[in-house]
Each structure stands twice: as structure tokens, then as C-alpha cells.
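S.K.: Let me begin by handing over the structure; questions about it come next.
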Amino acid sequence: MEEATVTIDKIIFNTERMTALCPTDSALPLTRESSISARSRDEIHALLVAAFGDGPDFICIPTPKPFVFYADHDNWITFYAQTKSHLNHIIEPLSTQGFKLVENWQREV
């Protein structure tokens with residue numbers, strides 16, 4: 001990933017880690033539809049660690065965009081991609097790390 005944007009869908013717990021990544025002059029708290037962008041590998045790592053640590057429901061849109069993913073506070077991640085080969089680039093490494101693939105699962109809105 002060269003860049004990534006995390007957009008909050010729902011805040012469940014405190015967003016302490018994510019708020020710490022915001023500019024100090026930000027007067028508003030993070031809420032639904034708040035976005036934080038990262039533009040370097042270190043910033044992306046810090047953003048994703050903060051997002052997974054704080055536990056909001058969120059969507060992550062990377063650049064380039066072979067996929068996007070939605071993560072929720074119940075530790076489920078749903079990957080979306082235009083092609084199966086783009087998904088395979090994600091599925092194979094995650095499977096070798098012990099993550100479980102749930103096929104044909106549909107996220108309820």
C-alpha cells in the first residue's frame with residue numbers, strides 16, 4: 001500500500017489511538033464518517049494498528065486499490081475486490097498465517 005484511508009462506520013469503544021493520529025488543532029471528535037489518511041508505510045502501519053486497536057467498524061481503502069476491506073469490532077474482516085485474483089493475493093498469505101477463510105459469507109447491512 002502506498003496510501004490508505006480509514007473511514008469510520010460506527011464507534012463502539014474509545015478512539016484514543018486514532019484520535020492521537022489527528023492533527024492537534026482538530027477541534028471535532030472522531031464520529032461516523034470521519035476519515036484519516038496515511039501516506040507512507042509507517043503512517044499506514046500506525047493507522048491500521050490504531051484502528052484495529054480501538055475497534056470501530058471501519059472501511060479501509062488502500063492505494064493502489066486492488067481491494068478494500070471492512071473491519072468490525074467483532075474481529076471480522078470482509079475483503080472486496082473486482083477480481084478473484086486480487087482476492088487470492090490476500091487470501092493465500094492470510095491463510096498461511098492461520099487466518100480462517102469463511103466462503104460465501106455475506107455481511108448483513
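S.K.: Of the residues that make up the range 11-18, is at least one at pLDDT 95 or above and either closer than 22 Å to Gln106 by Cα or under 10 Å from the mean Cα position of the chain (by Cα) (or both)?
M.R.: yes
S.K.: Give, as residue ranges, the strands (runs of 3 or more DSSP E) completely inside the chain that count at least 2 residues that are small (Gly, Ala, Ser) and in contact (Cβ under 8 Å) with a residue 12 or more places away in the chain.
M.R.: Hits in the chain: 35-38.
S.K.: Kindly provide the set of residues from the range 10-47 that are surrounded by fewer than 15 Cβ atoms within 10 Å (Cβ to Cβ) and within 16 Å of Tyr70 (Cβ to Cβ), ordered by number.
M.R.: Lys10, Ile12, Arg32, Glu33, Ser35, listed by residue number.
S.K.: So which of Thr63, Thr5, Thr15 ends up being in contact with a Leu (Cβ under 6 Å, 6 or more places away or on another chain) and not acidic (Asp, Glu)?
M.R.: Thr15 is the lone residue from the list that is in contact with a Leu (Cβ under 6 Å, 6 or more places away or on another chain) and not acidic (Asp, Glu).
The values are calculated or read from the model by the stated rules, or taken from the named source; none is laboratory data. This is a predicted model, so every value here is computed, not measured. Please note: Cβ atoms are built from the backbone with ideal geometry, for glycine as well, and neighbour counts cover all protein chains shown.
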